[in-house]
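Here the structure is laid out as structure tokens; the discussion comes afterwards.
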Amino acid sequence: MTDEETEAPRLRRRLADVIVQSRSEVGRSVDDAILEAVRTVPRHAFTPGLTLEEAYANTSPIMQRDAHGVSISSVSAPWLQAAMLQQAQLRPGMKVLEIGSGGYNAALIAELVGPTGTVVTLDIDPDVIERAEQGLIDAGYDDVVTVVQADGEFGAEQYGPFDRILVTVGAPDIPPAWIDQLTEDGRLIVPLRIRGLERSFVFKREGNRLVSTDIELCGFVPMQGVGENRLRQVALYKEDIALGIDDRQPVEVLALRRALEQPRHEAWSGVQVGGMEPWDDLDLWLATVAPTFGYLTATDAGLASELVKLSLRWGMAAIWDRDSLAYLTLRPLDEDRTVFEFGALAHGPNARELADRIVQHTRSWDRDQRRGPGPHVEVHPKTAPDGDLPSGLVAEKRHSRITVSWSPIPGRTDQVQ
């Protein structure tokens with residue numbers, strides 16, 4: 001036997017164990033059927049140019065970039081694929097459409113729906129399609145997975161309707177085709193962007209709307225084609241510090257650039273977090289209750305400028321007004337850096353007011369929503385009147401009106417909603 005024939009199965013078994021560990025750390029489980037699919041499908045067949053160790057790492061290798069260096073094709077991290085497959089609750093015999101291909105995830109789906117099921121994987125990029133087709137041939141799934149080159153905005157009507165539609169690219173909206181091509185009791189699993197925050201939602205149909213039943217933290221390459229609508233990046237310091245903004249929110253760019261040059265103001269909430277406790281719903285809470293919301297990011301050069309101090313390298317939640325900016329931060333409370341306190345850093349004439357606003361929102365999240373059921377998200381038709389929408393944030397999209405609301409937690413009093 002070759003090294004590949006002996007080593008790849010071992011690496012697949014190790015990867016399944018790593019997935020179990022990573023999901024348990026955030027309080028989530030993975031069904032045995034999904035883990036068995038991970039142990040079965042040769043991931044390395046879909047990652048040409050990578051070593052076996054790289055192919056079976058719990059990371060997301062980038063396979064293709066656009067002319068600007070932005071990743072437009074990757075093989076999703078195994079933990080994230082397992083999380084979305086868990087959300088999908090696939091069963092033998094189901095008909096499944098995957099929007100955003102690469103081949104590997106489609107092979108996992110094929111293992112889960114079995115010989116009586118149907119798997120269609122779709123992508124707009126001919127290079128991705130070619131890689132997916134070759135990988136499916138090499139892995140032995142070419143006769144059970146149908147590969148389609150098309151714009152994901154329109155789905156694959158000729159193969160529908162589908163029991164499940166899994167979207168594996170970042171979606172700025174929910175196109176009508178994705179709803180129309182679901183069976184009546186079908187489920188849509190989609191990394192939907194709301195105010196710049198991307199989360200994997202499970203949606204079910206209720207009348208003329210979609211209602212979320214589960215949510216997971218995620219990150220995907222942006223959607224291409226007719227539905228492409230990338231997050232706006234507002235440069236505040238060269239191209240090295242930027243504010244990612246969604247929903248056409250107004251920004252006085254020159255005023256915010258000047259604000260960053262002013263002294264930094266700090267404010268601290270007294271709210272602590274530690275261990276592996278997830279707190280990503282704090283960002284969604286801030287996005288819901290704050291009149292402006294975005295994500296502040298910086299390159300290595302941006303961090304070296306010392307104009308901003310980001311606790312997480314991929315960015316922190318931010319709010320702003322005409323000439324001032326504030327963003328969420330964390331500081332360690334012990335030498336081992338296992339317990340942290342939430343706070344805010346701010347710049348500009350209204351720095352103190354904006355920092356205090358983040359602190360108050362953080363305290364209300366801690367008091368009213370932390371460890372609760374999380375946000376309730378609905379997708380309504382574009383024509384839905386305001387009176388038919390639940391209270392909370394309304395994100396206006398091209399095809400839909402998306403609402404984010406929060407329910408009171410039993411036993412807690414004086415809650416902000």
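The values are calculated or read from the model by the stated rules, or taken from the named source; none is laboratory data. Owing to the predicted nature of the structure, the values given are computational and were not obtained by experimental measurement. Cβ placement follows ideal geometry from the backbone for every residue including glycine, while neighbour counts extend to all protein chains displayed. Accessible surface areas use protein heavy atoms only, side chains included; no ligands, DNA or RNA. Shrake-Rupley method; radii C 1.70, N 1.55, O 1.52, S 1.80 Å.
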Legend entry - Failed item in (1) at pLDDT 90 or above; (2) crowded, with 18+ Cβ neighbours inside 10 Å; (3) among the β-branched types (Val, Ile, Thr), with Ile72 passing the rest: (1)
Legend entry - Looking only at the stretch 1-35, and only at residues there that are of a type in the set (S, T, N, Q) and in a helix (DSSP H, G or I), the one that is nearest to Arg371 (Cα to Cα): Ser24
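Just checking, which of Pro349, Pro385, Pro390 is of a type outside the set (Phe, Trp, Tyr), in contact with a Ser or Thr (Cβ under 9 Å, 6 or more places away or on another chain) and open to solvent by 60 Å² or more (accessible area, probe 1.4 Å)?
Pro349
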Legend entry - Residues being assigned to a helix (DSSP H, G or I), of a type in the set (Gly, Ala, Ser) and out of contact with any Pro (no Cβ under 9 Å at 6 or more places or on another chain) - total across the stretch 220-266: 1
Legend entry - Ala33, sole failed condition from (1) over 21 Å from Leu136 (Cβ atoms); (2) among the hydrophobic types (A, V, I, L, M, F, W, C); (3) surrounded by fewer than 18 Cβ atoms within 10 Å (Cβ to Cβ): (1)
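For (1) in a helix (DSSP H, G or I); (2) in contact (Cβ under 8 Å) with a residue 60 or more places away in the chain; (3) touching a Phe, Trp or Tyr at 6+ places or on another chain (Cβ under 9 Å); (4) closer than 25 Å to Val202 by Cβ, each residue gets a yes or a no:
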site: Val119; (1), (2), (3), (4): no, no, yes, yes
site: Asp127; (1), (2), (3), (4): yes, yes, no, no
site: Gly135; (1), (2), (3), (4): yes, yes, yes, no
site: Asp138; (1), (2), (3), (4): yes, yes, yes, no
site: Asp142; (1), (2), (3), (4): no, no, no, no
site: Thr146; (1), (2), (3), (4): no, no, yes, yes
site: Glu153; (1), (2), (3), (4): yes, yes, yes, yes
site: Ile165; (1), (2), (3), (4): no, yes, yes, yes
site: Asp173; (1), (2), (3), (4): no, yes, no, yes
Inset, instruction - Confirm whether Leu197 is at pLDDT below 95 and either open to solvent by less than 40 Å² (accessible area, probe 1.4 Å) or within 21 Å of Asp281 (Cβ to Cβ) (or both). - result: yes
Inset, instruction - Output the residues belonging to the stretch 325-344 that are open to solvent by 30 Å² or more (accessible area, probe 1.4 Å) and closer than 16 Å to Arg264 by Cβ. - result: Leu330, Arg331
Inset, instruction - Could you give me the residue pairs with C-beta distances under 6 Å whose first residue belongs to the stretch 230-259 and is among the basic types (Lys, Arg), whose second residue is part of a loop (DSSP other than H, G, I, E, B) and modelled with pLDDT of 90 or more wherever it lies, and which are 6+ apart or on separate chains? - result: none
Legend entry - Every pair of residues 6+ apart whose Cβ atoms lie under 6 Å, when the first sits in the stretch 336-350 and is of a type in the set (A, V, I, L, M, F, W, C) while the second is in a loop (DSSP other than H, G, I, E, B) and open to solvent by 10 Å² or more (accessible area, probe 1.4 Å): Val339/Leu333; Leu345/Arg264
Legend entry - Test result for Gln272, touching a Pro at 6+ places or on another chain (Cβ under 9 Å), open to solvent by 60 Å² or more (accessible area, probe 1.4 Å) and either in contact (Cβ under 8 Å) with a residue 40 or more places away in the chain or not β-branched (Val, Ile, Thr) (or both): no
Inset, instruction - Find all pairs meeting these conditions: Cβ atoms under 6 angstrom apart; at least six residues apart or on different chains; first residue within the stretch 17-30 and small (Gly, Ala, Ser); second residue surrounded by 12 or more Cβ atoms within 10 Å (Cβ to Cβ). - result: Ser22/Trp79
Inset, instruction - Might you check whether a residue that is open to solvent by less than 10 Å² (accessible area, probe 1.4 Å) and either more than 25 Å from the chain's Cα centre (by Cα) or hydroxyl-bearing (Ser, Thr, Tyr) (or both) occurs anywhere in the stretch 303-324? - result: yes
Inset, instruction - Report the residue count in the stretch 89-114 for those that are on the phi < 0 side of the Ramachandran plot and either assigned to a helix (DSSP H, G or I) or buried (at least 21 other Cβ atoms within 10 Å of the Cβ) (or both). - result: 17
Inset, instruction - Go through the residues of the stretch 156-167 one by one and say whether even a single one is open to solvent by 20 Å² or more (accessible area, probe 1.4 Å) and over 26 Å from Gly93 (Cβ atoms). - result: no
Inset, instruction - Report yes if Ala132 is closer than 23 Å to Gly227 by Cα and open to solvent by less than 70 Å² (accessible area, probe 1.4 Å), otherwise no. - result: yes
Legend entry - Candidates Thr121, Thr146 - the one that is under 23 Å from the mean Cα position of the chain (by Cα) and closer than 13 Å to Ala106 by Cβ: Thr121
Inset, instruction - Among the candidates Arg371, Arg412, Arg401, single out the residue that is modelled with pLDDT of 95 or more, open to solvent by 10 Å² or more (accessible area, probe 1.4 Å) and of a type in the set (D, E, K, R). - result: Arg401
Inset, instruction - Quick one: count up the residues across the stretch 175-219 that are charged (D, E, K, R), out of contact with any Lys or Arg (no Cβ under 8 Å at 6 or more places or on another chain) and not in a loop (DSSP other than H, G, I, E, B). - result: 8
Inset, instruction - Inspect all residues belonging to the stretch 276-294 and state whether any of them is assigned to a strand (DSSP E or B) and either among the hydroxyl-bearing types (Ser, Thr, Tyr) or surrounded by 14 or more Cβ atoms within 10 Å (Cβ to Cβ) (or both). - result: yes
